[in-house]
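Data block below; observations after.
The values are calculated or read from the model by the stated rules, or taken from the named source; none is laboratory data. Keep in mind it's a predicted model, so treat the numbers as computed, not measured. Here the Cβ positions follow ideal geometry from the backbone for every residue, glycine too, while neighbour counts run over all protein chains shown. Accessible surface areas use protein heavy atoms only, side chains included; no ligands, DNA or RNA. Shrake-Rupley method; radii C 1.70, N 1.55, O 1.52, S 1.80 Å.
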Amino acid sequence: MSCYSVRHSSGGGQSAESKREVNAGDIALPEGYSIEAIAHGLTFPTAVAFDEKGDLYAIEAGYCYGEAFGTPRLLRIPANASPQTIATGTNNGPWTGVIFQGGNFYIAEGGVNQGGRILRVSLQGEMTPVVEGLPSFGDHHTDGPVIGSDGWLYFGQGTASNSGVVGEDNAKFGWLKRHPEFHDIPGEDIELAGQNFKSKNFLNPDKGMVMTGAFVPFGTPTTPGQVIKGAVKCSGSVLRVKPNGSNLERVAWGFRNPFGLAFSPDGQLYVTDNGYDERGSRPVWGAADILWEVRPGVWYGWPDFSAGEPLILKKFKTPHKAQPKFVLAKHPGTPPDSIARFPVHSSADGFDFSRNDKFGYRGEAFVALLGDEAPATGKILHAAGFKVVRVNVKNGVIEDFAVNKGKHNGPASKIGGGGLERPVSVKFNREGDALYVVDFGVILHDKRGAHPQQGTGVIWKIARK
């Protein structure tokens, strides 16, 4: 631990180059597979979808950490031609996910300015909100969506904060000054333990220090036994709604950032969940990213458990920081075991299941690992993520599938070459014989935060030779 303490952080976005090359030959795949770049020069792409004819579409987020605002766009990606704009959004990004169903696209709008929404967009670009007013002003946003065999839209809603308490880290993210009243919302009534955290008054620096509790606005202390009312539109949840916008329901909650959702071939819903960071008033050490099997009515542990383990264990104590204590006096249930655990800070995001023996690995989940965002999320000595992996959901075994060639792991902008930068999602085409990898592009990181580089996003296609 002492060696760790004196060494500098060396995350994937640190000491990287702002420019990127694109060279499929720099990506290693299993024998018998090939990869090609079919679109590049995109700005903050996050997901792809296919219409009923099999044509390819992509969305650009319009927002990235580092307070980089742009215009969210739905693009058609024709073969051997420039992308065509189908629809544009406002400054309420990021657009984080898209599907096509019943002649329309459904897009998850992150909602950093006006709150999260699920949008229905026609092929002609006509846009209609299906769900509005989601609690998405904070660190994590509205994600998904996917369609279940029941015909309902399922989507994820991230948390406002890292571990339940609004603090300095949220001021650095930018949203605390825009929405000082915002905080996490539980999925059901909860009773607090009265844990409060002292910090500088980042909203009014001249007024000294403040105390902040969990599930309340910044600068608001809590008391033991205090009850916080729950809501359907809650933080850290998986929700569902009918495509016409009726009957919004909570499926499960207690996630931290349920970014990726996908149904397996047998109809079971799974979700990727980004683990805690070593930041803010209640930092958590060594919390893995998780793949969960989603069961209705279950509480998955946030903000007091990580992958089913209580944060009061010594393994979660950040060096030179206080041991995390429970912020809930009573827990809504016992968190289940995870299906798989990804490397700490690897950012397990969008994923999809193989359904075709022609591609291979039928029934396994292919997961995009965006990569670490050190040092803002915590010190890291070696880059984590920056690849596509596959997961056997029956036994939790994780195997590399698409990785950059070379002696060291990391994004191409750091280790050299023109391979993968930051895979943010993957999607199989309608036939299931090709996997499309959405590469967000270059994001540089330093002590000041994130510095995303426009025009560096790429879409890759992987198929059997």
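Below, the figures for the structure above:
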{"read-out": "Test set (1) in contact with a Ser or Thr (Cβ under 6 Å, 6 or more places away or on another chain); (2) surrounded by fewer than 18 Cβ atoms within 10 Å (Cβ to Cβ) - SER264 fails condition number", "value": "(1)"}
{"read-out": "Every pair of residues 6+ apart whose Cβ atoms lie under 6 Å, when the first sits in the range 435-457 and is farther than 15 Å from GLY62 by Cβ while the second is open to solvent by 40 Å² or more (accessible area, probe 1.4 Å) and assigned to a strand (DSSP E or B)", "value": "TYR436/LYS427; TYR436/LYS461; LEU444/HIS451"}
{"read-out": "Residues of the range 240-262 satisfying the condition of being under 16 Å from ALA160 (Cβ atoms) and in a strand (DSSP E or B)", "value": "TRP253, PRO258, PHE259"}
{"read-out": "Any pair with Cβ under 7 angstrom, 6 or more apart, that starts in the range 407-419 at a residue that is farther than 18 Å from ILE35 by Cα and ends at one that is hydroxyl-bearing (Ser, Thr, Tyr) and surrounded by fewer than 19 Cβ atoms within 10 Å (Cβ to Cβ)", "value": "LYS414/SER15"}
{"read-out": "Boolean, GLU36 is open to solvent by 60 Å² or more (accessible area, probe 1.4 Å), touching a residue at least 12 places away in the same chain (Cβ under 8 Å) and outside any loop (DSSP other than H, G, I, E, B)", "value": "yes"}
{"read-out": "Filter result (assigned to a strand (DSSP E or B) and surrounded by 24 or more Cβ atoms within 10 Å (Cβ to Cβ)) within the range 436-465", "value": "TYR436, VAL437, VAL438, ASP439, ILE443, HIS445, PRO452, GLY457, VAL458, TRP460"}
{"read-out": "Selection within the range 166-202 - among the aliphatic types (A, V, I, L, M) and in a loop (DSSP other than H, G, I, E, B)", "value": "VAL166, ILE185, ALA193"}
{"read-out": "Criterion (at pLDDT 95 or above, under 12 Å from SER235 (Cα atoms), surrounded by 24 or more Cβ atoms within 10 Å (Cβ to Cβ) and not hydroxyl-bearing (Ser, Thr, Tyr)) met by exactly one of GLY158, GLY167", "value": "GLY158"}
{"read-out": "Residues of the range 95-112 classified as part of a strand (DSSP E or B) and either over 20 Å from the mean Cα position of the chain (by Cα) or more than 16 Å from VAL48 (Cα to Cα) (or both), total", "value": "4"}
{"read-out": "GLY378 vs. criteria closer than 26 Å to PRO45 by Cα, part of a strand (DSSP E or B) and in contact with a Ser or Thr (Cβ under 9 Å, 6 or more places away or on another chain)", "value": "no"}
{"read-out": "Odd one out for TRP302, checked against (1) open to solvent by 10 Å² or more (accessible area, probe 1.4 Å); (2) farther than 30 Å from SER15 by Cα", "value": "(1)"}
{"read-out": "Among the residues listed as PRO265, PRO296, PRO336, the single one being part of a loop (DSSP other than H, G, I, E, B), over 24 Å from ILE228 (Cβ atoms) and modelled with pLDDT of 95 or more", "value": "PRO265"}
{"read-out": "Failed item, numbered, when LEU328 is tested on (1) open to solvent by less than 30 Å² (accessible area, probe 1.4 Å); (2) farther than 25 Å from ALA368 by Cβ; (3) touching a Pro at 6+ places or on another chain (Cβ under 6 Å)", "value": "(3)"}
{"read-out": "Condition check for ALA322: closer than 23 Å to PRO423 by Cβ and either open to solvent by 10 Å² or more (accessible area, probe 1.4 Å) or in a loop (DSSP other than H, G, I, E, B) (or both)", "value": "no"}
{"read-out": "Among the candidates GLU60, GLU67, residue that is under 30 Å from PHE202 (Cβ atoms), within 17 Å of the chain's Cα centre (by Cα) and of a type in the set (Asp, Glu)", "value": "GLU67"}
{"read-out": "Some residue of the range 306-319 being within 26 Å of GLU399 (Cβ to Cβ), part of a loop (DSSP other than H, G, I, E, B) and among the acidic types (Asp, Glu)", "value": "no"}
{"read-out": "Hits in the range 339-392 - residues which are more than 30 Å from ARG464 (Cα to Cα) and at pLDDT below 95", "value": "GLU373, ALA374, PRO375, ALA376, THR377, GLY378, LYS379, ILE380, LEU381, HIS382"}
{"read-out": "Single unsatisfied condition, ILE107 versus (1) free of Cβ contacts under 8 Å to residues at least 12 places away in the same chain; (2) open to solvent by less than 40 Å² (accessible area, probe 1.4 Å)", "value": "(1)"}
{"read-out": "Qualifying residue in the range 76-94 (condition: in a strand (DSSP E or B) and crowded, with 23+ Cβ neighbours inside 10 Å)", "value": "no"}
{"read-out": "Boolean, VAL227 is closer than 28 Å to PHE366 by Cβ and among the aliphatic types (A, V, I, L, M)", "value": "no"}
{"read-out": "Scan of the range 132-145 for residues that are surrounded by fewer than 24 Cβ atoms within 10 Å (Cβ to Cβ) and either part of a strand (DSSP E or B) or of a type in the set (Ser, Thr, Tyr) (or both), ordered by number", "value": "GLU132, GLY133"}
